[in-house]
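Asker: Dumping the structure here so I can ask a few things about it.
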Amino acid sequence: MTAGEATVEATTTEQRRAALEAIAAEVRTCTRCRLAEGRTKAVPGEGHPDTEVLFVGEGPGQTEDAQGRPFVGRAGELLVKLLASIGWRRQEVFITNIVKCRPPGNRDPEPDEIAACAPYLQRQLEVLDPAVVVTLGRFSMAHFRPGERITQIHGTHAPAPAATGARDALAYALFHPAAALRSTDVERQSYDDMAGLPRVLGAARARRAGAPPESGNPPAEAPDAPIIPPDPGDDAPTLF
Ligand code: SF4
């Protein structure tokens, strides 16, 4: 299967797990763009195959490149704290990036690199079919909410374009945790924005159930239902 080839529909947990692992295997040996030349390990992403919430960052940093896992450095530690602030754990969501290999020196990814890597994210979206895509930072936001400015739309949601691979998802914009590490103002806003995420999930569930659309701000009620089927024995992240 090539990076741009459609993914066979996965309807069970094991089918989704297998489909995600197949994508990850391709990512680990991918040479579709120049970022393959400098990477130590590609970082396909990891998380629960049944989750309703997908987090998409920019690209791997130094620690992620060394370990082959997303958000395991200082920004990842903050993401875990942000998730804990709403009672969620990283193994209950899926976490990936716009580009799966580290840009040299943590530079911004180039447009042709983002385009080369986009089919992998598209296929992950097709497999996971998330209700909410949380964009972390401006590159991820630009993919799911093109033409916007993160300083203006953080903490709001809008339908994710179907062309991204998201069948019926709301894209919720957050600052990148690395930006929050550099600014106490951004850190405070990140906690405020994260606090709105359960309510956005409620809106996404209502939307998928056929309720009338509502505006870009979260509705009043947060959902009670968990974001994955309960499995208290499953504490380890699923690695892909
Ligand atoms: S960034 Fe994406 S397209 Fe480029 S080499 Fe890595 S996996 Fe392949």
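FYI, it's all coordinate maths here, none of it is from the lab. Fair warning: this is a prediction, and the values are worked out from it, not measured in the lab. Glycine gets a Cβ as well: all are built from the backbone with ideal geometry, and neighbour counts include every protein chain shown.
Asker: What net charge is computed for the residues neighbouring Val43, neighbours being all others with C-beta under 10 Å from the C-beta of Val43, Lys and Arg scored +1, Asp and Glu -1?
Answerer: Details: positive: Arg28, Arg39, Lys41, Arg69, Lys100, Arg102; negative: Glu46, Glu64, Asp65.
Residues close to Val43 contribute a combined charge of +3.
Asker: With a bin width of 10 angstrom, please list the P(r) values of region 13-208 as percents of all Cα-Cα pairs, from the 0 bin to the one holding the largest distance.
Answerer: Per 10 Å bin, starting at 0, the Cα pair percentages come out as 10, 40, 39, 11, 0.
Asker: Expressed in nm to one decimal, what extension gain is obtained for the pair Arg188 and Gln152 from 0.36 nm per residue of sequence separation less their Cα-Cα distance?
Answerer: Working: separation 36, 0.36 × 36 = 12.96 nm, distance 1.56 nm.
Result: 11.4 nm gained on full extension.
Asker: Arg74 to Thr13: FRET efficiency via 1/(1 + (r/R0)^6), r the Cβ-Cβ distance, R0 30 Å, to the nearest 0.05?
Answerer: Computed FRET efficiency for Arg74 and Thr13 comes out at 0.40.
Asker: Asp65: net charge of surrounding residues, Cβ under 9 Å, Lys/Arg +1, Asp/Glu -1, itself excluded? All intermediate terms of the calculation are to be shown ahead of the outcome.
Answerer: Details: positive: Arg39, Lys41, Arg102; negative: Glu64.
Result for the local shell: +2.
Asker: Give the separation of the Cα centroids, region 21-51 to region 100-172, in Å.
Answerer: 16
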